[in-house]
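Structure first, commentary second.
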Amino acid sequence: LYALLRTRLLPDQEARARLNLGRLLLLHTRNPKDAQQALQRAKHLASTMLGQYTLKCEIACQLAQYHKTQAETSYQVQAYTDALQACEAGMDSSERPQLLRWVGHVHMCLAEVHSAGGDKARALAAVDEGVRACGQ
């Protein structure tokens, strides 16, 4: 992936490559800062694109995973909120079926965060939202 990133790529290709690099760095190395840099660059690239809502959501979810590894709960919640906003922005697009699945996933992740933090009411509300999204 590093070699791929040294070549000239279209913004969506580079964003996806950086997302994959960040994911691999988070999963298989002890180098979270490099993972964060790759994911932040992917987020920046994606923010310049029209559409690509699923990609934007996926990047935000990976950033949430980074924040989880750093025990940064408020940033983790914000990243999941960003993911939900990307999904909401794309609900009128052809990406709607994928985005509905992402909405369900993100709400379940938020439920996990709130439950771990002891906020059972918010956890249950997130579960309800996730179930409702999956039923659409």
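The values are calculated or read from the model by the stated rules, or taken from the named source; none is laboratory data. Bear in mind the structure is a predicted one, so any value in this text is a computation, not a measurement. Note: ideal-geometry Cβ built from the backbone for every residue, glycine included; neighbour counts use all protein chains shown. Just the protein is used for accessible areas: all its heavy atoms, side chains included, with ligands, DNA and RNA removed. Shrake-Rupley method; radii C 1.70, N 1.55, O 1.52, S 1.80 Å.
Here is how the number arises for the chain: DSSP H runs of 4 or more residues each give -39500 (n - 2.57), the sum is divided by the residue count, and the result at 222 nm is -26000 deg cm²/dmol. A crude spin-label estimate for the pair Arg101 and Ala121, with each label 7 Å from Cα along the Cβ direction, gives 3.5 nm. Taking 1.306 mPa s as the viscosity and 10 °C as the temperature, the Stokes-Einstein diffusion coefficient of the range 11-135 based on its alpha-carbon Kirkwood radius rounds to 109 µm²/s.
Once the dipole of the chain is set up with Lys and Arg at +1 and Asp and Glu at -1 on Cβ about the Cα centre, which of Leu63, Val106, Ala15 lies farthest towards its positive end? Positive-end residue among those listed: Ala15.
Per residue, the accessible area of the chain comes to 58 Å² when a 1.4 Å probe rolls over the protein heavy atoms. Only Cα pairs under 8 Å and 6+ residues apart enter the sum, and on that basis the relative contact order of the chain stands at 17 percent. Split the accessible area of the chain by element, probe 1.4 Å, and carbon with sulfur accounts for 53%.
Rounded to the nearest 20 debye, the dipole magnitude of the chain is 480 debye, with +1 charges on Lys and Arg beta carbons, -1 on Asp and Glu beta carbons, and the Cα centre as origin.
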